[in-house]
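Taking it in order: structure first as structure tokens, then the write-up.
The values are calculated or read from the model by the stated rules, or taken from the named source; none is laboratory data. Computed from a predicted model, the values in this text were never measured in an experiment. When we count neighbours, we look across all protein chains shown, and the Cβ atoms used for this are built from the backbone with ideal geometry, even at glycine.
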Amino acid sequence: MGVAVELKSTAPVRLHVAFACLGLAFLIIFSWVLFHEETAEWRTTQAQFARLEGTVKNPHQLAESARVGGLRQIWLPELGRVDRCGTCHLGIDDPAFATAPQPHRTHSGAWLTTHPPDRFGCTACHDGEGQATDYRNAAHQPQPFVTRPMRPLETIEANCGTCHRSIDPLDAPRLAEGRRLIIESGCFSCHDIPGFEGLTFRGPALDSLGYKVLPDWLASWLEDPKSYLEQSKMGNFRLSDDEIASLQGFLLSQRAQVPLDSTSVDWKRADTRNGRALFGEMRCVSCHAVNGRGGTMGPELTRIGDKIRRNWLFSYLKDPHRVQPDTPMLQYRLNDEELRDLTAFLLEEYSSAGAVAEPPPAAYQDARAIAAGRAVFERRGCISCHRLPGIEDSGRVGPSLAGVADRDPDELPYGSEIVRHTAENYIFLKLLMPDALGQPSSMPTFGFTPADAARMTLALASLRKADLPASYVLKPPPPKPYRPAGRFGELMSRYRCLSCHSVGGFGGDLSTVPLDRIGSQLMRDYIAPYLLNPGAVRVSVEARMPVFHMQPDEANAFADYLSTVFLDDSMEGYDASFTAADARRGQELYLQLGCAACHQLGTTGGYVGPELSTTGTRLKPGWIAAWLTTPSVYRPGTLQPDYGLSSADARALTAYLSGLGRSGQATASAGGAR
Amino acid sequence: MLDAIRAEERGGDLSYTESQGKILFAHYCATCHGDEGRGDGQNASNLNPPPPDMSVSKNTRDSALLRKVIAEGSAAIGRSPQSPPWGRSLSRQQIDYLVAYCQSLDRKRP
């Protein structure tokens, strides 16, 4: 000690001490690093895995699956991802670990086959911190400062949507539902939403509203659309009383198109019973719901009597295309008496107060009030959904939603809600209560259910900031518009075939029958009578083809065109010279395969598929054989099972089915045909 | 947001895989088997023998057997041919989902 004190004053000694301390510090740090590295979580996991492998595999299999230890990573420069998840999840591609505990377990399902990890990595689907090599830092659970922790499976479809950009990707029902809701709600009318370009949302034309609606109804609708219609697509704009009054005046002053003349109609003689019969026969409920039942393509009719003026409705039913050229509603061929009965029936039956005396359309003259209403109309972006001549579409009133999923969660408002701050929670809350997040918002309140809002959030959560390399993006091209010319084009437009049917993917999907090869499916002689009096081929289906009140020459024109143009060559050349043995064998197969479980024939059988007793007069043999052989090719998701029939078996069944409704024996069994 | 999705899936009772199966089940199977697999679908009355109550059937517990019936039809295990083979229409993944849903049926009893 004394020596040390004596040497204290000399500089070299001080340096020695300093170096000694430094050396010691380095030694400690070095051993700590070494220790830390040796006992790293992933090493323990790998050791566990090696032990587990010894128990689930025999020595022979073990020798085959000699694994490389150490860190394993997948580097995907194109996606900007480095995923080291495989360091711990070693059994992920090995079926032997199907029941092993995590992290060793085999990946569920067939996902690694459809999404090979060397192309997609792990975090592209699951999120989380790919570069981390321990459980906590990989953000298996939400962590502070991690914006994208691993997703629970319930929301994983948001990541499917980043690459899969069709509206309804396979096996992602929540995402598909979310996208469908976005389309139905017309979100893209006010917001730019990548993936929804080119779509238009069609609100009713307003240019003759003064002739169309009752003033009281309009005021209550503007105040809260849900008060009239629970399923209203229009949101509540939270307008003040003054705004409602001026907007009401402005809208009722819109009288550009005078309804068709109905002065000669004798309303006193209206027969509502006939109206009811027409309503049923024309299958209005295929598109319009009443009392909660029916289609959604057209407006709900339950309380239409509280809303619509009689003359306007009469005129609309007579020629809907004059009022709204792009409506999906077809133009029935009804005479004035029938139109009168139908109008009277609708207004009387579907009204909450019974028949009310209509106030005559008032002439709104107060220029100042009208100008104020116009200002509200422009400011709130009504033009995004409703066209009105004289008012220019000033572009989208809402902000663009491109990259919305990557917005900084800490800069977003959450109102008084106590939620984890994530872009998704913000989107969800915004959809549910746009005005209550502590920021002024002109977005209307749509009244989505939480489940619907969650699905829409999923769909919006796939809108990432950085775009993917094109080779990862799956987006089907939009269908080419189909607009035939000539008489067929006119008829198709009048009866709005494409509201329900599609050609080349263009058109509606209410009908399960696309028209692309309809001429090869249906017998020419079946089409015209069917169009004149469409019956139910499938008894259990609620939405049916309407009775158009079509002229016979129109039906014939349809039949000629459809069976000349919409043909599939591969079916047309089918050799239909069947032998009696073919048909007998087909009948055996019919029993053997259990066809009767779903199809009715005569008086027995199920009612899932079409009734079959007149198949021979309805369907062409080439189509029957093709359909039975590969049904999902012609209708993806069909309930017709694919039995993997040999062409001989398919031919036998075709022979049997083609005979139904033609020979004497088959007609006898077809007693219950329509 | 997650809560809203879970809340809908039968009080949070179904896992993701099971609820995927439920959606497929509703489309492909429920017309005969009924939404909950009780054998009470709208087409059940037309079937002889009628579809079984899957929530109590022993066969439901055997996932290999279940997979075989779904993919190859009930005829493949020596039953009536009324339940058709779905192996060519559905992917392996979709059949896995259906199996998961079928096996969840006996779990929740009110």
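Return the residue satisfying two criteria in turn: it lies in segment A:626-657 and is within 11 Å of another protein chain (Cβ to nearest Cβ), touching a Ser or Thr at 6+ places or on another chain (Cβ under 8 Å) and of a type in the set (Ser, Thr, Tyr), and of such residues it is surrounded by the fewest Cβ atoms within 10 Å (Cβ to Cβ). Residue satisfying both the conditions and the ranking: A:SER632.
Residues that are among the hydroxyl-bearing types (Ser, Thr, Tyr) and either in contact with a Gly (Cβ under 8 Å, 6 or more places away or on another chain) or surrounded by fewer than 17 Cβ atoms within 10 Å (Cβ to Cβ) (or both): does segment A:419-427 have at least one? No: zero hits.
Quick one: would you say A:ALA369 is in a helix (DSSP H, G or I) and either over 29 Å from the mean Cα position of the chain (by Cα) or surrounded by fewer than 19 Cβ atoms within 10 Å (Cβ to Cβ) (or both)? When the stated conditions are applied, A:ALA369 passes them. Contact annotation: residue pairs with Cβ atoms under 7 Å, 6 or more positions apart or on different chains, pairing a residue in segment A:578-604 that is touching a residue at least 40 places away in the same chain (Cβ under 8 Å) and among the charged types (D, E, K, R) with a partner that is surrounded by 19 or more Cβ atoms within 10 Å (Cβ to Cβ) and assigned to a helix (DSSP H, G or I), are A:ASP582/A:ARG651; A:ASP582/A:ALA652; A:ASP582/A:ALA655; A:ARG585/A:ALA652.
At the interface with chain A (Cβ under 8 Å from one of its Cβ atoms) and either more than 14 Å from the chain's Cα centre (by Cα) or part of a helix (DSSP H, G or I) (or both): is that true of B:ARG79 in this structure? The answer is no for B:ARG79. Taking segment A:14-60 as the range and being β-branched (Val, Ile, Thr), in a helix (DSSP H, G or I) and closer than 30 Å to A:ARG105 by Cβ as the test, the residues that pass are A:THR44, A:THR45, A:THR55, A:VAL56.
Identify, please: which residue in segment A:529-540 is hydrophobic (A, V, I, L, M, F, W, C) and either loosely packed, with under 15 Cβ neighbours inside 10 Å or in contact (Cβ under 8 Å) with a residue 24 or more places away in the chain (or both) and is, among those, farthest from the other protein chains (Cβ to nearest Cβ)?
That would be A:LEU531.
Among the residues of segment A:109-133, those that are in a loop (DSSP other than H, G, I, E, B) and surrounded by fewer than 16 Cβ atoms within 10 Å (Cβ to Cβ) comprise A:ALA110, A:PRO116, A:GLN131.
Here is a list of conditions, (1) polar (S, T, N, Q); (2) over 30 Å from A:ASP516 (Cα atoms); (3) in contact (Cβ under 8 Å) with a residue 40 or more places away in the chain, and A:SER416 meets all of them except one; can you say which number that is? Of (1) polar (S, T, N, Q); (2) over 30 Å from A:ASP516 (Cα atoms); (3) in contact (Cβ under 8 Å) with a residue 40 or more places away in the chain, only one is false for A:SER416: (3).
Exactly one residue out of A:MET456, A:MET443 is touching a Cys at 6+ places or on another chain (Cβ under 9 Å), modelled with pLDDT of 90 or more and more than 11 Å from every other protein chain (Cβ to nearest Cβ), and it is A:MET443.
Which residues, taken from segment B:40-61, are outside any helix (DSSP H, G or I) and surrounded by fewer than 19 Cβ atoms within 10 Å (Cβ to Cβ)?
The answer is B:ASP40, B:GLN42, B:ASN48, B:PRO49, B:PRO50, B:PRO52, B:ASP53, B:SER55, B:VAL56, B:SER57.
If you go through segment A:623-643 and keep only what is modelled with pLDDT under 95, over 17 Å from A:VAL608 (Cβ atoms) and not β-branched (Val, Ile, Thr), you end up with A:TYR634, A:PRO636. Of everything in segment A:240-264 that is of a type in the set (A, V, I, L, M) and surrounded by fewer than 19 Cβ atoms within 10 Å (Cβ to Cβ), the residue that is nearest to A:PRO389 (Cα to Cα) is A:ALA256. Residues of segment A:429-484 that are touching a strand residue (DSSP E or B) at 6+ places or on another chain (Cβ under 9 Å) and hydroxyl-bearing (Ser, Thr, Tyr): A:THR445, A:SER462, A:TYR482.
Collect the residues in segment A:61-102 that are assigned to a loop (DSSP other than H, G, I, E, B) and basic (Lys, Arg), keeping them in residue-number order.
A:ARG67, A:ARG72, A:ARG84
Residues in segment B:23-60 that are more than 14 Å from chain A (Cβ to nearest Cβ), on the phi < 0 side of the Ramachandran plot and in contact with a helix residue (DSSP H, G or I) (Cβ under 7 Å, 6 or more places away or on another chain): B:ASP35, B:MET54, B:ASN59, B:THR60.
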